[in-house]
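Below: the structure, in structure tokens.
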Amino acid sequence: MDGYERVATVSEFDQNERKEVIVDDVPVLLIKQGDQFFAIEDVCSHDGQPLTDGSIENCQITCPRHGARFDLATGDALCMPATEAIPTYDVKIEDGQIWLREN
Ligand code: FES
């Protein structure tokens, strides 16, 4: 698939589960919310904290270190202290396989 990297299978995910995967040597957090998958770079744009254990609510993830919040779909920083968006990944599902490509 053009530019996409296969990272996981749908059957690995329970409801609202998340997994860290690697795409082009970059840590990416793959998150299932309801029936939808989101993928974001697993690094806070404020000071580099992994977002792996951040709480998720309303499709927003909160950095566990200083509390910046990011939109899972767009990567946009929604509150201080972060001002820059985090990279997001396009998620494609085909035959139960999950593929990612950086947006
Ligand atoms: S490192 Fe994430 S808010 Fe500071």
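The values are calculated or read from the model by the stated rules, or taken from the named source; none is laboratory data. Everything numeric in this text was worked out from a predicted model, so none of it was measured. Glycine gets a Cβ as well: all are built from the backbone with ideal geometry, and neighbour counts include every protein chain shown. With ligands, DNA and RNA removed, areas are computed over all heavy atoms of the protein, side chains included. Shrake-Rupley method; radii C 1.70, N 1.55, O 1.52, S 1.80 Å.
Against the numbered list (1) out of contact with any helix residue (DSSP H, G or I) (no Cβ under 9 Å at 6 or more places or on another chain); (2) open to solvent by 50 Å² or more (accessible area, probe 1.4 Å), LYS19 comes up short only at (1). Within region 55-73, the residues that satisfy the criterion of being within 11 Å of the ligand (Cβ to nearest atom) and on the phi < 0 side of the Ramachandran plot are ILE61, THR62, CYS63, PRO64, ARG65, HIS66, ALA68, ARG69, PHE70. Being open to solvent by 40 Å² or more (accessible area, probe 1.4 Å), on the phi > 0 side of the Ramachandran plot, more than 10 Å from the ligand (Cβ to nearest atom) and among the acidic types (Asp, Glu) is a description that applies to ASP95.
Residue by residue, here is whether (1) over 17 Å from LYS19 (Cβ atoms); (2) at pLDDT 95 or above; (3) within 16 Å of the ligand (Cβ to nearest atom) holds:
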{"residue": "ASP42", "(1), (2), (3)": "no, yes, yes"}
{"residue": "ASP53", "(1), (2), (3)": "no, yes, yes"}
{"residue": "ALA82", "(1), (2), (3)": "yes, yes, yes"}
{"residue": "THR88", "(1), (2), (3)": "no, yes, no"}
{"residue": "LEU100", "(1), (2), (3)": "no, yes, no"}
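Name the single residue that is nearest to the ligand (Cβ to nearest atom) among those in region 26-40 being over 19 Å from LEU78 (Cβ atoms) and open to solvent by less than 10 Å² (accessible area, probe 1.4 Å). For region 26-40, the residue satisfying everything is VAL28.
Among the conditions (1) part of a loop (DSSP other than H, G, I, E, B); (2) of a type outside the set (A, V, I, L, M, F, W, C); (3) under 14 Å from the mean Cα position of the chain (by Cα), GLY67 misses just one, which is (3). Taking the criterion of being in contact with a Gly (Cβ under 8 Å, 6 or more places away or on another chain) and over 25 Å from SER11 (Cα atoms), the residues of region 30-79 that qualify are THR62, CYS63, PRO64, CYS79.
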